[in-house]
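Below is one structure, written out as structure tokens; the observations come after it.
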Protein chains: 2
Amino acid sequence: MGICLVEMSMPEALTNFCQSCTVRNRAICGDLHDDEINVLNKIGRRRWVEAGEQVLWEGDDAVVVANVIEGLLKLSTQTSEGKEQILGIAYPSDFLGRPFGETTPYGVEALTPALVCTFQRSDFDHFAREHPRLEHKLLERTLSELDRTRRWMLLLGRMNAEQKMATFLLDMADRLVPATCAPMPESNEVMELPLTRQQIADVLGLTIETVSRQFTKLRKEGLIDLPSRRDVRIIDRAGLEALAS
Amino acid sequence: MGICLVEMSMPEALTNFCQSCTVRNRAICGDLHDDEINVLNKIGRRRWVEAGEQVLWEGDDAVVVANVIEGLLKLSTQTSEGKEQILGIAYPSDFLGRPFGETTPYGVEALTPALVCTFQRSDFDHFAREHPRLEHKLLERTLSELDRTRRWMLLLGRMNAEQKMATFLLDMADRLVPATCAPMPESNEVMELPLTRQQIADVLGLTIETVSRQFTKLRKEGLIDLPSRRDVRIIDRAGLEALAS
DNA sequence: CGACCCCTTGATCTATCTCAAAGGGGGTGG
DNA sequence: CCACCCCCTTTGAGATAGATCAAGGGGTCG
């Protein structure tokens, strides 16, 4: 569908990152003209974060927002007792943080090494208000994210463990494809999960043991294969879809 | 906080509803100038819907969007087996529907008699793209709604029935106040729930029996009083907050 | 007055959680 | 290169919160 460029290793001395940004066409900056991009480039800063590194802290004053350029991150929050709920996974071109807000409403942590393009929120807010095309892109993205989040509410509130797992696996299979430049959904392709069993549990509102048992169950039923801890091969997509219903 | 006008019963012969709209200052049209409002007024249509009446159907082509002027509505979706999950409650000044999208992602049904200001989505999209101030308001509203929805994910995924109920009651107490023009949170004020027990269950991802038992439990513990089916008096707000944690 | 709907309460069942212990797999240090 | 260790995962056994099934109560409306 979209053009999927291989990242060029540019000499980092080049100051205008945006010109060579691999996600520019998909991210919210995609509709800006070159002169506008140049202004945005001046207020943004690229940063690599390691897997496991925290990028945004829940409850902090919302001082930075960011665009994901490469890698995967998780958005999460927790109860006062420390039970975690993962609110979503951020993929390349996704937007992070809370523009026009006082506090960051969720924590963000890298699941893989990730490259993010960060902005001071005040700079970003100011720029956005002056560039309706950027605000429009952000609006479309936020509306889509709201739809996705609401669909996940149905999973959390009304599905059993089996339905949750099937839905999760299909969702990952769909979303991981564009993120990894893979060809079209070869149903029997192996996908590498960016999440541990515990993190999958935190996405689905389950415990790690239940997730593990469901993996085993789906494998024994011949719907999936588990070549290694992190890898899953979907053998019977239609079967999973029937479970996810 | 905000000014809370008593709705004037205007002669409906007046064609420019916007000029006297009780939610105009709070809704997304709030920042428009008079001439812009006049254009918007021409493409919008006011409509009363009865309690129980469906306004938007999940999965339909997204042909209309709307603003809530008066009354309360529920947004909901369901599993293929028919289990319902309520995704949120829409209050006066809230926005309904999916601008810039193909299909309506959730159903909308009035909980009370409600007055909505509807637009053909194509008209609205067109108008919005030409009026950045309106798009900005819509963006802010969508961002807030996303935050709220994500907070609810923590409830659905990681809270037990007691925590869900306490959180629900506190949330309703907070949100019902501005909607009903009541004075400041007189903690011992009775609030009239706009939801049946079944609908509360559908908000919280529980069954009606569990909701009923939790109501009884909270009443016996002296945290709330239940003067009638639909009425709740919060007796011990701090106690509820401790449970909601 | 009766029917209907919504709500409450009780009894039982079960999906999932909790607690516990035993595999691997991969990396590190000897 | 091997062995050990650590962490993640799997599996088992038992406990339990909430679901399910069932029955009865009470308010409201025709």
Original post:
Taking amide H positions as placed 1.01 Å from N in the peptide plane, with prolines and chain starts having none, which residues 5 or more places from B:Thr196, or on another chain, fall under 5 Å of its amide H?
Top reply: none
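Using a 1.4 angstrom probe on the protein heavy atoms only, could you order A:Phe17, A:Phe119 from most to least accessible area?
Ranked from most to least accessible, the order is A:Phe17, A:Phe119.
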Original post:
Can you give the angle from 0 to 90° between the axis of helix B:161-179 and the longest principal axis of chain B, with both taken from C-alpha atoms, to the nearest 10?
Top reply: 40
**OP:** Answer rounded, prolate or oblate for region B:196-245, using the Cα gyration tensor with square roots of eigenvalues a ≥ b ≥ c: rounded when a/c is under 1.5, else prolate when a/b is larger than b/c, else oblate.
**Re:** oblate
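Over chain A, what is the mean sequence separation of C-alpha contacts under 8 Å (at least six apart), divided by residue count, expressed as relative contact order in percent?
Working: 379 pairs, mean separation 44.2, N = 245.
Relative contact order comes out at 18 percent.
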Original post:
Of the lysine pairs in chain B, how many meet both conditions: Cα atoms under 23 Å apart, and a spacing of 8 or more in sequence or different chains?
Top reply: 7
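Would you mind getting the accessible area per residue of the protein assembly as shown, heavy atoms of the protein chains only, 1.4 Å probe, in Å²?
47
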**OP:** For A:Gln198, go 7 angstrom from Cα along the Cα-to-Cβ vector, then report the distances to that same point in the other copies in nm, smallest first.
**Re:** 4.2
Original post:
How much net charge surrounds A:Val65 when only the other residues with a Cβ under 15 Å from the Cβ of A:Val65 are counted, with Lys and Arg +1 and Asp and Glu -1?
Top reply: -3
Original post:
With the Cα gyration tensor of the protein assembly as shown giving a ≥ b ≥ c as the square roots of its eigenvalues, does the rule (a/c under 1.5 for rounded; else a/b larger than b/c for prolate; else oblate) give rounded, prolate or oblate?
Top reply: oblate
**OP:** Could you work out how far apart the two model spin labels at A:Lys42 and A:Ile235 are, taking each label as a point 7 Å from the Cα in the direction of the beta carbon, and quote it in nm?
**Re:** 6.0
**OP:** With a point put 7 Å past each Cα toward its Cβ, work out how far A:Glu162 is from B:Ile208 in nm, to one decimal.
**Re:** 2.7
Original post:
Shortest first, in nm, what separates the label point of B:Ile235 from those of the same position in the other copies (7 Å along Cα→Cβ)?
Top reply: 5.9
**OP:** Post the alpha-carbon centroid distance, region B:74-92 to region A:98-112, in whole angstrom.
**Re:** 27
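Shape call for chain A from the C-alpha gyration tensor, a ≥ b ≥ c root eigenvalues: rounded (a/c under 1.5), prolate (a/b greater than b/c) or oblate?
Details: a/c = 2.10, a/b = 1.60, b/c = 1.31.
Prolate shape, in that a/c is at least 1.5 and a/b is the bigger ratio.
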**OP:** Kindly give the distances from B:Asn25 to its copy-mates, label point to label point, with each label point 7 Å from Cα along Cα→Cβ, as nm values to one decimal ordered shortest first.
**Re:** 4.9
Original post:
Under 5 Å between amide H atoms, partner at least 5 residues away or on a different chain: which partners does A:Leu87 have, H built in plane at 1.01 Å?
Top reply: A:Leu75, A:Ser76, A:Thr77
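Take the Cβ-Cβ distance between B:Arg175 and A:Asn188 as r, set R0 to 51 Å, and report the resulting FRET efficiency rounded to the nearest 0.05. Write out the running numbers ahead of the final one.
On the way: r = 49 Å, r/R0 = 0.96.
E between B:Arg175 and A:Asn188, to the nearest 0.05, is 0.55.
Taking 0.36 nm per intervening residue step and subtracting the Cα-Cα distance, what contour gain separates B:Asp35 from B:Lys220 on full extension? Write out the running numbers ahead of the final one.
On the way: separation 185, 0.36 × 185 = 66.60 nm, distance 5.72 nm.
Answer, rounded to one decimal: 60.9 nm.
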**OP:** Tell me which residues come under 5 Å, amide H to amide H, from B:Val64 once H is placed; ignore anything under 5 positions away on its chain.
**Re:** B:Arg121
**OP:** Please report, as a whole percent, how much of the solvent-accessible surface of the protein assembly as shown comes from carbon and sulfur atoms (probe radius 1.4 Å).
**Re:** 52
Subject >> Protein heavy-atom accessible area occluded, A/B pair - total, 1.4 Å probe, Å² >> reply: 4100
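With contacts defined as alpha carbon pairs under 8 Å and 6 or more residues apart, what's the relative contact order of region B:65-193 in percent? Intermediate results must be reported in sequence, preceding the final value.
Working: 139 pairs, mean separation 28.8, N = 129.
It comes to 22 percent, rounded to a whole number.
The values are calculated or read from the model by the stated rules, or taken from the named source; none is laboratory data. Being a predicted model, the structure only gives us computed values, none of them experimental. Positions of Cβ are generated from backbone atoms using ideal geometry, with glycine treated the same way; all protein chains shown enter the neighbour counts. All accessible areas refer to the heavy atoms of the entire protein, side chains included, with ligands and DNA or RNA removed. Shrake-Rupley method; radii C 1.70, N 1.55, O 1.52, S 1.80 Å.
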